[in-house]
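Engineer: Before anything else, here's the structure in question.
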Amino acid sequence: MHTKRLLALTAAGAPILLAGAAGPGRAVDLYQAHYLYLGNDPSELQGPWTEECQGIAHDDGYWYINQVNAIWRTPVTTDLNQLGPSTPGHSYRALSTVTPLVNDGYDHLGDGCVHQEQGNGYLFLPIEVMDGGPPGVAAFHATAGLDYIDHAAFNPSPSNASWCAFDDEGSLFSSNFDPVSQLRRYSVNWNLLQQGSLSLHFEESVTLRDENGAVLNVHHVQGGEFTADGSLLYLVADGIVVFDTATWRRVKQSTNGSGTFNFQFDPGFPNYQEPEGVTIWDLEGTGSPHTGELHVILLDNDALGDDVWLKHYTKVVRVDSAATGSEDGTPAHPFHSINSAYTQIWGGAELRIQAGSYPLDHVSSYPSTVRWKAVGGTVRIGAP
């Protein structure tokens, strides 16, 4: 005889299924699988910052968006649809004003990141010479002045430097553009950087692998970002590819045109769309008009001016028994039942359930690394 259970989940958010323990030496956040597509915002925008837009990054309160030849810094509260020269609190720096980079021939900024070290915030941007020359990275102060500090070429010299990102231990990663089966890891001498000199040391190459452990080539790599604990790497490479950094195996790949983890783009004629930069920033509670945790740029290389889509993704899947209409787990279209959510859920997601009573459904079959939270009161699952 099957006996039903009654599970009560309060708005305090205690999970009813517990995740496994983190591995030694690293506190792992198991809920960083941002695989639910929320939409585009901006969508097909042509504006002051969209021409040859390459990268996106952030610190605690500001976006950093760079074109191939310029950097924008703007408060998180900015509606990026309206970002321009008159935006309150924004900063702008043209590459042409950074004399040391110009003198060394650098004319291309890629997708970078902001890193905090020894109480200071630094913006790191990969740099290239389009007509040849050693790729490298440039460091700026992540402040309103966007003050240049120094730059350094990667050694040994790679073919490209389209992106760079720091893991949780302060190592800098980058790679070639196409094809890519290995990433390069560098250490930064932070004491020298505080004195105004950027010094990089090549540490190792790491090999990317598919789910079965075979060496994997990814193509057209334009962006990369580690989760805060360093356990996952999101690469933008003909879509989004996610790697477990403990094994460097692929754990997720976006789709093109359908599905939950959708990254739709058309690289061919006449659109010539390019996936570009990526950043991870939970916008909930920041005052941003935008939403989600994972944010990826899609660039449309139009002859009369480039358009940008900023694609947003989340780990949060929503359930509301009072909802009607279509259901996909997004805030506008929550699933109507826990059973409906079960058909789409994945490990590393967060299930937010609106207060109410729900049938037991497949609770015992959910992945153990799904975090359950009640919203607006107590959630009762099952019957006495």
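Every read-out reported here was derived from the displayed coordinates using simple, explicitly stated rules and does not represent laboratory data. What you are looking at is a predicted structure, and each value in this text was computed from that prediction instead of being measured. Reconstructed Cβ throughout: ideal geometry from the backbone, glycine too, with neighbour counts over all protein chains shown.
Engineer: Sorted from fewest to most neighbouring beta carbons within 10 Å, what does the list Phe173, Phe269, Phe124, Phe202 look like?
Structural biologist: Starting with the residue having the fewest Cβ neighbours, the order is Phe269, Phe202, Phe173, Phe124.
Engineer: What distance in nm separates the simple spin-label points at Asp60 and His219, each placed 7 Å from Cα in the Cβ direction?
Structural biologist: Reported label-point gap for Asp60 and His219 is 4.3 nm.
Engineer: Treat the count of other C-beta atoms within 10 Å as a stand-in for reagent exposure and order Ile127, Ile338 from fewest to most.
Structural biologist: Least to most surrounded, the residues fall as Ile338, Ile127.
Engineer: When all C-alpha to C-alpha distances in region 196-258 are sorted into bins of 10 Å, what percent of pairs does each bin hold, rounded to whole numbers?
Structural biologist: 20, 47, 25, 7, 1
Engineer: Residues of region 46-78 with the amide nitrogen closer than 12 Å to a label point 7 Å from the Cα of Ala144, along Cα-to-Cβ, please.
Structural biologist: Inside the label zone: 75.
Engineer: Starting with the fewest neighbours, write out Cys53, Cys113 ranked by other beta-carbon atoms found within 10 Å of each beta-carbon.
Structural biologist: In order of increasing Cβ crowding within 10 Å: Cys53, Cys113.
Engineer: Extension gain Ser96-Ala228, at 0.36 nm per residue separation less the Cα-Cα distance, in nm?
Structural biologist: In short, 44.2 nm is gained.
Engineer: Please return the longest stretch of the chain lacking exposed loop sites, where trypsin sites (Lys or Arg not before Pro) count only if DSSP places them in a loop and at most 14 other Cβ atoms lie within 10 Å.
Structural biologist: Result for the longest clean stretch: 27-384.
Engineer: When the helices in the chain are scored as -39500 (n - 2.57) per DSSP H run of 4 or longer and the sum is shared across all residues, what 222 nm value do you end up with, to the nearest 500 deg cm²/dmol?
Structural biologist: Per the formula, -500 deg cm²/dmol.
Engineer: Here are several values of Rg/Rh (Cα atoms, Kirkwood Rh): (1) 1.07; (2) 1.00; (3) 1.34. Which one was derived from the coordinates shown?
Structural biologist: (2)
Engineer: Number of Lys pairs in the chain with C-alpha atoms less than 25 angstrom apart, excluding same-chain neighbours closer than eight positions?
Structural biologist: Eligible lysine pairs with Cα atoms under 25 Å apart amount to 5.
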